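The values are calculated or read from the model by the stated rules, or taken from the named source; none is laboratory data. Note that the coordinates shown come from a computational prediction; the quantities given were computed from them, not determined experimentally. Every residue, glycine among them, receives a Cβ derived from its backbone with ideal geometry; neighbour counts consider all protein chains shown.
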Amino acid sequence: MCLLTAKGFYRFMVGIRKSLCKIIFMSPFSYIIGKGVEVLKDRFTRGFLAGVIAGIPVVAFSWVAASLKWTTLRWSDFAAILIYGHKSANLGEEIFSVVGVFVFCGVLGIICAFIIPKISSSNYLLKSWVFSIAVWFAAFVLTLFYKVPGLLIIPLKTVVSNFAEATIWGFMLGYCLKWFDNRLKT
């Protein structure tokens, strides 16, 4: 293959793109899928995966809510203020704050995954929703208590939107945890 021709260069770039996609995106998923139920036997891993998976629609909803002016503070803005002291100023800061949101959601998923069996293994959705609302309330209280700049005065529309996002996250977390647990049983 000659890189000097347009066709050769195009084939080379397509090959690079496919290889990078396999390395970046497919490797973690193929590892989890390849290991199958073996990976899911670990409650820590199930909780982290459930938390991250539940965070995906929430981040999407928060971006939609911000574009429709339903909120003044997305979850990624909240994370950016806690990390940088201000909202994201560029794409790099935004990406890192979204990664921070996913990691935080994963850690909360781990906590919830260990709490649910201590109570009982039924009513996943209710328990994970109550957990998510407790975290939502605690986050607002702690930022007010510590007087975090940018998070002191929050309008009602933002509080309601963040409550809806916490509700979505809680239900998704409960659904994912229940799905993972049922997958172990079969």
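A few remarks follow.
- Scanning the range 117-127 for any residue that is under 15 Å from G47 (Cα atoms), of a type in the set (G, A, S) and crowded, with 19+ Cβ neighbours inside 10 Å turns up nothing.
- The requirement of being under 18 Å from M172 (Cβ atoms), buried (at least 16 other Cβ atoms within 10 Å of the Cβ) and touching a Phe, Trp or Tyr at 6+ places or on another chain (Cβ under 6 Å) is fulfilled nowhere in the range 90-99; no residue meets it.
- Of all residues in the range 146-159 being without any contact (Cβ under 8 Å) to a residue 40 or more places away in the chain and in a helix (DSSP H, G or I), the one that is nearest to C105 (Cα to Cα): V159
- Residues of the range 65-74 satisfying the condition of being surrounded by 13 or more Cβ atoms within 10 Å (Cβ to Cβ) and not in a loop (DSSP other than H, G, I, E, B): A65, A66
Here is a yes/no grid of residues against (1) out of contact with any strand residue (DSSP E or B) (no Cβ under 6 Å at 6 or more places or on another chain); (2) of a type in the set (A, V, I, L, M, F, W, C); (3) at pLDDT 95 or above:
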| site | (1), (2), (3) |
| --- | --- |
| R17 | yes, no, no |
| M26 | yes, yes, no |
| Y31 | yes, no, no |
| K35 | yes, no, no |
| V52 | yes, yes, yes |
| K69 | yes, no, yes |
| I111 | yes, yes, yes |
| N123 | yes, no, no |
